[in-house]
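Okay, so here's the structure we're looking at.
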Amino acid sequence: MELKKTLSKILKDGTDLNSSGTTGPQKTIFQTPEKLYFANRAAVDSQQLTPESKIYTVCKIAHAGGLLAQTLPAHSIGADVTVVDFNAYEFNKEITKYTHTHLTPTHGHILALTKGFKHLDLTNIHVTCGSDPVHWDMIESFVSKGATFTTNWGMTEVGPLAINTTFTSLEQVEDYKSRSIDGATLLGDRTYCSVDIRDNELYVKGDISVYGDNWFATGDMVTVNNNGEFYYLGRK
């Protein structure tokens, strides 16, 4: 009940979120109710969240990934949300009770080291992964277990789920992988904001950005292949 009150207050009043600090000095960024509304819509649409969805949140909700990828969007449409600290063994036991979860690549690597992950059946479970580069072996490991797997790009300022791709089969993964760019990792080919690339730096703007219609220089170096698939090259 306390979690629901907290999430409802955030929807109404907005909230401060700290950036992760992994790509530069940590910043506190205010999320307006209007920005959250549009970011929630993008997250709901891109991950096919419904009021019947059951969300298993293992990322800290004090940061954008934990709060904005699935937790707040799911709450905004009345879906069930469970928030716990990440524990790989508990995850393997509990995940089949849920429909959606959001992981970092670090979580995925830790899960891969457990005995239980080898036999895990993730059919009908939607796993979204982001916050750090998501490599093909991570995508393949989850899709091979039946998961619907979404790679996502976003920042505390923008999104999340600003750029993403959802994989549902290993054949689809191989198709995308055949067009991959050496030394780069896939961000996605589905966008929920306006994007521009200037001198290989990604610029974004739109309703899901705290800067609205003003272009925001993300500091991420990005390129696009002939199929319109965005690839991450590194930080500026």
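The values are calculated or read from the model by the stated rules, or taken from the named source; none is laboratory data. Just so it is clear, the structure is predicted and the values come from calculations on it, not from any experiment. We place every Cβ from the backbone using ideal geometry, glycine too, and count neighbours over all the protein chains shown. Protein only, heavy atoms only, side chains kept; ligands, DNA and RNA dropped before computing areas. Shrake-Rupley method; radii C 1.70, N 1.55, O 1.52, S 1.80 Å.
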The stretch 140-165 residues that are touching a residue at least 60 places away in the same chain (Cβ under 8 Å), paired with ones that are of a type in the set (D, E, K, R) and part of a helix (DSSP H, G or I) (beta carbon under 6 Å, 6 or more apart): none
Long-range neighbours under 8 Å by Cβ, at least six apart or interchain, first residue charged (D, E, K, R) within the stretch 87-111, second open to solvent by 70 Å² or more (accessible area, probe 1.4 Å): Lys97/Lys54
Scan the stretch 117-126 and give yes if some residue there is surrounded by 13 or more Cβ atoms within 10 Å (Cβ to Cβ), at pLDDT below 95 and not in a loop (DSSP other than H, G, I, E, B), otherwise no. yes
Quick test for you: out of Ala79, Ala88, Ala62, pick the one residue that is over 21 Å from Arg190 (Cβ atoms) and loosely packed, with under 13 Cβ neighbours inside 10 Å. Ala62
Taking the stretch 176-211 as the region of interest, how many residues are at positive phi and either touching a residue at least 12 places away in the same chain (Cβ under 8 Å) or open to solvent by less than 20 Å² (accessible area, probe 1.4 Å) (or both)? 4
For the stretch 116-133, give me the residue count where each residue is of a type in the set (A, V, I, L, M) and in contact (Cβ under 8 Å) with a residue 60 or more places away in the chain. 0
What's the number of the condition Lys54 fails, among (1) open to solvent by less than 30 Å² (accessible area, probe 1.4 Å); (2) in contact with a Phe, Trp or Tyr (Cβ under 7 Å, 6 or more places away or on another chain)? (1)
Could you tell me how many of the residues in the stretch 213-236 are open to solvent by less than 50 Å² (accessible area, probe 1.4 Å) and closer than 23 Å to Gln47 by Cα? 5
Condition first: among the aliphatic types (A, V, I, L, M), over 14 Å from Gly228 (Cα atoms) and in contact with a Leu (Cβ under 9 Å, 6 or more places away or on another chain). Now tell me which residues in the stretch 163-186 satisfy that. Ala184
Going through the stretch 65-76 in order, the residues found to be of a type in the set (S, T, N, Q) and surrounded by 24 or more Cβ atoms within 10 Å (Cβ to Cβ) are Gln70, Thr71
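Taking the stretch 127-151, which residues are open to solvent by less than 20 Å² (accessible area, probe 1.4 Å) and either touching a Cys at 6+ places or on another chain (Cβ under 9 Å) or charged (D, E, K, R) (or both)?
First, the residues of the stretch 127-151 that are open to solvent by less than 20 Å² (accessible area, probe 1.4 Å): 127-130, 134, 138-139, 142-143, 147, 149-151.
Met138, Ile139, Phe142, Phe149, Thr150, Thr151, listed by residue number.
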